[in-house]
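Step one of this worksheet: look at the structure below.
The values are calculated or read from the model by the stated rules, or taken from the named source; none is laboratory data. Fair warning: this is a prediction, and the values are worked out from it, not measured in the lab. Note that we place each Cβ from the backbone using ideal geometry, even for glycine, and neighbour counts take in every protein chain shown. Side chains included, ligands, DNA and RNA excluded: accessible areas come from the protein's heavy atoms. Shrake-Rupley method; radii C 1.70, N 1.55, O 1.52, S 1.80 Å.
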Amino acid sequence: KLGIPVIIADGLAGRDGQNISIRGDHFENVKIARGICESDGVIFLSHVTGHMQAGFAGTLKNIGMGCASRQGKLLQHSGTLPEITVEKCIGCGACMIVCPANAIGIKKKKAMLVKERCIGCGECTVACRTGAIEIKYDENVVKFQEKMVEYALGVKKALNSKAVYLNFLEHVTKNCDCMSKSETPIAPDIGIICGTDPVAVDKASMDLIGIDKFKEMFPEIDPLAQIRHAEKIKLGASQYELAEI
Ligand code: SF4
Ligand code: SF4
């Protein structure tokens with residue numbers, strides 16, 4: 001027990017965001033949770049995992065998505081909604097049960113997606129055992145990664161760089177911690193990476209676990225697209241030097 005209070009940084013209804021101006025390819029301003037913007041500084045703790053849309057989830061994913069207001073999360077996910085192949089659907093309802101946005105219904109024993117409600121989280125694609133509901137991995141995935149990284153830039157700017165980033169390379173699983181089921185680790189526990197550059201912290205984590213592991217799990221996704229875009233928009237640098245403590 002750490003005795004630390006839980007604060008919902010964008011308010012109980014997720015509406016309390018602040019516009020932060022950035023120079024990105026996708027956004028000129030991003031909507032960051034006000035509780036983050038008003039913090040004196042933040043120590044970010046991120047559990048590293050694979051991710052069905054980002055390929056790799058570490059600091060950039062955690063702060064870019066995690067510190068966005070609800071509207072900011074939706075803006076990042078727009079463009080990566082799942083599609084249903086009706087012929088493969090057996091109407092089991094597993095996707096509907098796990099959907100956090102009540103965006104799936106079953107009609108005449110087939111799943112139906114309400115696109116306006118979908119937040120693009122991808123939970124349904126993991127729950128479906130027949131491959132009937134999938135996110136199409138095309139250029140939209142790179143766009144998603146880039147949008148997420150631009151939000152991470154907004155977070156860094158909102159905090160005036162007063163942040164430390166810790167990646168936990170322990171119990172690294174294929175999918176992120178949003179998933180309702182526990183998964184078998186894909187790599188041995190390595191330890192904790194700490195630094196003041198979120199890009200270097202993520203790149204070091206990818207290298208230590210092995211970038212090929214993430215590419216094997218999600219062949220359609222290049223996790224390094226996050227790093228390339230982060231460097232392009234000057235969020236940080238991928239070069240690092242490891243000092244073991
Ligand atoms: S992507 Fe998420 S919100 Fe959208 S239908 Fe699937 S589970 Fe629901
Ligand atoms: S989980 Fe798959 S098979 Fe079952 S209802 Fe949903 S889309 Fe259809």
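Could you go through the stretch 36-50 and let me know if any residue there is modelled with pLDDT of 95 or more and within 16 Å of ligand 2 (Cβ to nearest atom).
No, there is no match, as no residue in the stretch 36-50 is modelled with pLDDT of 95 or more and within 16 Å of ligand 2 (Cβ to nearest atom).
Here is a check on your reading of the model: is Glu146 farther than 15 Å from Phe218 by Cα, of a type in the set (Asp, Glu), more than 6 Å from ligand 1 (Cβ to nearest atom) and part of a loop (DSSP other than H, G, I, E, B)?
no
Does the stretch 52-84 hold any residues that are among the polar types (S, T, N, Q), free of Cβ contacts under 8 Å to residues at least 60 places away in the same chain and within 15 Å of Gly122 (Cα to Cα), and which are they?
Ser78
May I ask you to say which residue of Glu220, Glu231, Glu170 is out of contact with any Cys (no Cβ under 7 Å at 6 or more places or on another chain), at pLDDT below 95 and of a type in the set (Asp, Glu)?
Exactly one of Glu220, Glu231, Glu170 is out of contact with any Cys (no Cβ under 7 Å at 6 or more places or on another chain), at pLDDT below 95 and of a type in the set (Asp, Glu), namely Glu220.
Yes/no matrix, rows are residues, columns are (1) within 30 Å of Ile32 (Cβ to Cβ); (2) among the aromatic types (Phe, Trp, Tyr); (3) within 12 Å of ligand 1 (Cβ to nearest atom):
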site: Ile97; (1), (2), (3): no, no, yes
site: Ala101; (1), (2), (3): yes, no, yes
site: Ile104; (1), (2), (3): yes, no, yes
site: Lys115; (1), (2), (3): yes, no, yes
site: Val141; (1), (2), (3): yes, no, no
site: Leu153; (1), (2), (3): yes, no, no
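Looking at (1) more than 16 Å from ligand 1 (Cβ to nearest atom); (2) within 16 Å of the chain's Cα centre (by Cα); (3) open to solvent by 60 Å² or more (accessible area, probe 1.4 Å), can you tell me which one Ser46 breaks?
The single condition Ser46 does not satisfy is (3).
Take Gly120 and decide whether it is open to solvent by less than 10 Å² (accessible area, probe 1.4 Å) and within 15 Å of ligand 1 (Cβ to nearest atom).
For Gly120, the condition - open to solvent by less than 10 Å² (accessible area, probe 1.4 Å) and within 15 Å of ligand 1 (Cβ to nearest atom) - is met.
Outside the structural domain of Gly41 (by TED's automatic domain parsing), within 18 Å of the chain's Cα centre (by Cα) and free of Cβ contacts under 8 Å to residues at least 60 places away in the same chain: which single residue out of Cys92, Cys128, Cys178, Cys121 fits that description?
Of Cys92, Cys128, Cys178, Cys121, the one residue that is outside the structural domain of Gly41 (by TED's automatic domain parsing), within 18 Å of the chain's Cα centre (by Cα) and free of Cβ contacts under 8 Å to residues at least 60 places away in the same chain is Cys121.
Which of the residues spanning the stretch 102-117 are closer than 27 Å to Gly50 by Cα, more than 9 Å from ligand 2 (Cβ to nearest atom) and open to solvent by less than 30 Å² (accessible area, probe 1.4 Å)?
Listed by number, the list holds a single entry, Ala103.
Surrounded by 17 or more Cβ atoms within 10 Å (Cβ to Cβ), among the basic types (Lys, Arg) and touching a helix residue (DSSP H, G or I) at 6+ places or on another chain (Cβ under 9 Å), is that true of Lys181? Even if it seems obvious, please write down each step before you answer.
Working: surrounded by 17 or more Cβ atoms within 10 Å (Cβ to Cβ): no; among the basic types (Lys, Arg): yes; touching a helix residue (DSSP H, G or I) at 6+ places or on another chain (Cβ under 9 Å): yes.
No; evaluated as a whole, the condition is false for this residue.
Might you check whether a residue that is open to solvent by 60 Å² or more (accessible area, probe 1.4 Å), assigned to a loop (DSSP other than H, G, I, E, B), more than 13 Å from ligand 1 (Cβ to nearest atom) and at pLDDT 95 or above occurs anywhere in the stretch 62-83?
Scanning the stretch 62-83 turns up no residue that is open to solvent by 60 Å² or more (accessible area, probe 1.4 Å), assigned to a loop (DSSP other than H, G, I, E, B), more than 13 Å from ligand 1 (Cβ to nearest atom) and at pLDDT 95 or above.
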